[in-house]
Amino acid sequence: VNTSATPVPSTLNAILAGPVFELECPRPLKALNLSLVVPGSALAELSTGVGGRRSNGNNGNNGNNGQGNGNDPCEKKRVGKMHWWDHENLVWREMKESFLSVLFGLIFGFLDDWYWDQPGFVPRKNNGQRNGNPKFAHVIKDFYPCYSSSSSSHSSSSSSSHSSSSSSSSSATIARIASASLSYSAGTANAVTGVTVSFDVVFRLPRTGYVEVTLPDFHGGDENELTLTQSGTSFTGWWVLSSNVLVLQTGDDLEVGSYSVTVDASNGIALPVYGIGENDPGLLIGARPFSGWSIVKVAVDTSPYVVPPPPVVTAIDDSAERTAPTVDGVSGIVFPAGSFGGRRAVESVSTYLSPVNTSATPIPSTLNAVMAGPVFALECATPVTTLNVSMRVPGSAIAELLEFGEGGTGRRLLARDPCKKYRKGSMYWYDHEMEAWREMVESRVEVILGIIFGTLDPWYWAQPGFRPPRFAFIVRDFYPCYSSSSSSHSSSSSSSSSSSSSSSS
């Protein structure tokens, strides 16, 4: 590494493990597979949590994708990822899809033509001529697995509201909604219902402006013009099923004041199959003055509780692979043959989807984190093999990831600012002992399928706070580039890097 030409990140005790890999070739037409050898010193540093799984290390250094550090699962760990050098922004950028094989001593990544579209991937002179080669490296850095108020200085922005665009709410002087409430004509999960939307306009909404309500996992209905019941307003409305958004367009100016409109049950829109929590934080409302303008949504203040359905109980024959489904028909757990070691021929497994209870399992209060969809509960004996878990991702979350997130690929088109924040979705498990949602870093989102996948090996059952198992899909802000503001933990000395988890101080 030439630290003058390609400086190593100055935060999170980042080190470049091994050489810089340069590539000189024409632009390819299909994805290439790239591998870098990992030095023995780096393998030693990342040796616990072999193969991307975690063990209860006693030195706080749990390696790539590690999650557990003895008695403190929130203690920092070291993670290694392949990076590429951005010649335009002069920063190493993480390749999210890369994965480390400690067993083989290699880190793997792939290169498709997206990289060649990035202005800084191939260095060029002012006249556009090539002026060097793409560069790659293996960078190891500190990682803090649990959210806290100090995990990111970016979290100082309000987490009580969630913006569906990158614009700031402070810039809007028209089309602003404050307090809002929802009510339903039906009170049973999965039932067709009418929806009454009541809200206060605090900055005038001009004629032809829009009120938009996000109703995660509401389903049914069609995208024709909706039948509405209203008094004193002239809304027309439609239901965007793919993104779970109710759109209301006003035919008159809405001055400052209180308004209410009901979407009739005859439209066929149904409540989520797993019910709804009281004042569910996933219910959002916002306004935009004109088509194409950005919108800032805030949480709906009051909404009623809808009781979830009972658990689904499945008899698992341990002699063959079996799936324990849930009420949504998509989420579930796959049990390979011999998952329970033949202790009994048949094991009873219970799966349960329910709305989030923010009192019992609070959502992280930083990085604009939102829980997308239900909490997935599992009751079963301790397995001896790895299980596969999948969860359905609501259309509202898919739409958000496609527009502002990683799209399930780990890459993102960030226009002229590759360091701009984006939205990232992962599966999490709830640590009852630490009272925190903890990321399952091996999980992956398949946006096209609308599913997130994860794996459960016996390591999880060995964690003190794992039982009873609870899982969720959480979307949060993510900052792809290292900087002094990316983490308050970076205030520790970055001039030296410890090869173990003990502090150099």
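The values are calculated or read from the model by the stated rules, or taken from the named source; none is laboratory data. Keep in mind the model is a prediction, meaning the values are calculated, not measured. Positions of Cβ are backbone-derived with ideal geometry, glycine not excepted, and every protein chain shown enters the neighbour counts. Ligands, DNA and RNA are stripped out before the accessible areas are found, and what is left, the full protein with its side chains, is counted by its heavy atoms. Shrake-Rupley method; radii C 1.70, N 1.55, O 1.52, S 1.80 Å.
In the stretch 273-289, the qualifying residues are those that are over 21 Å from the mean Cα position of the chain (by Cα) and modelled with pLDDT of 95 or more, and the one that is nearest to Asp328 (Cα to Cα) is Val273.
Each residue in the stretch 330-367 was checked for being among the polar types (S, T, N, Q) and either more than 27 Å from Pro308 (Cα to Cα) or open to solvent by less than 10 Å² (accessible area, probe 1.4 Å) (or both), and 4 of them qualify. Only one of the numbered conditions (1) under 20 Å from Arg423 (Cα atoms); (2) open to solvent by 20 Å² or more (accessible area, probe 1.4 Å) is violated by Thr385, and that is (1). The condition (being out of contact with any Pro (no Cβ under 6 Å at 6 or more places or on another chain) and either touching a residue at least 60 places away in the same chain (Cβ under 8 Å) or aromatic (Phe, Trp, Tyr) (or both)) is satisfied by just one residue among Pro325, Pro336, Pro308: Pro308.
Of all the listed residues (Ala472, Ala397), the sole one being among the aliphatic types (A, V, I, L, M), modelled with pLDDT of 85 or more and part of a strand (DSSP E or B) is Ala472.
Considering only residues in the stretch 24-65 that are open to solvent by 50 Å² or more (accessible area, probe 1.4 Å), closer than 17 Å to Ser101 by Cβ and aliphatic (A, V, I, L, M), the one that is modelled with the lowest pLDDT turns out to be Val50. Taking the conditions (1) within 16 Å of the chain's Cα centre (by Cα); (2) modelled with pLDDT of 85 or more in turn, Gly465 satisfies each one other than (1). Would you say Thr250 is touching a strand residue (DSSP E or B) at 6+ places or on another chain (Cβ under 7 Å) and surrounded by fewer than 15 Cβ atoms within 10 Å (Cβ to Cβ)? When the stated conditions are applied, Thr250 does not pass them.
Total residues in the stretch 178-212 satisfying the condition of being at pLDDT below 90 and aliphatic (A, V, I, L, M): the figure is 2.
When each of Ala287, Ala320 is tested for being aliphatic (A, V, I, L, M) and out of contact with any strand residue (DSSP E or B) (no Cβ under 7 Å at 6 or more places or on another chain), the lone residue that passes is Ala320.
Residues of the stretch 305-327 that are within 30 Å of Gln249 (Cα to Cα) and open to solvent by 50 Å² or more (accessible area, probe 1.4 Å): Tyr305 alone. With the structure loaded, tell me whether Val261 is aliphatic (A, V, I, L, M), assigned to a strand (DSSP E or B) and in contact with a Phe, Trp or Tyr (Cβ under 7 Å, 6 or more places away or on another chain) or whether it fails that test. It is true that Val261 is aliphatic (A, V, I, L, M), assigned to a strand (DSSP E or B) and in contact with a Phe, Trp or Tyr (Cβ under 7 Å, 6 or more places away or on another chain). When the stretch 188-221 is examined, which residues are found to be over 28 Å from the mean Cα position of the chain (by Cα) and open to solvent by 10 Å² or more (accessible area, probe 1.4 Å)? Selection gives Thr188, Ala191, Val192, Thr196, Ser198, Asp200, Val202, Phe203, Arg204, Pro206, Arg207, Thr208.
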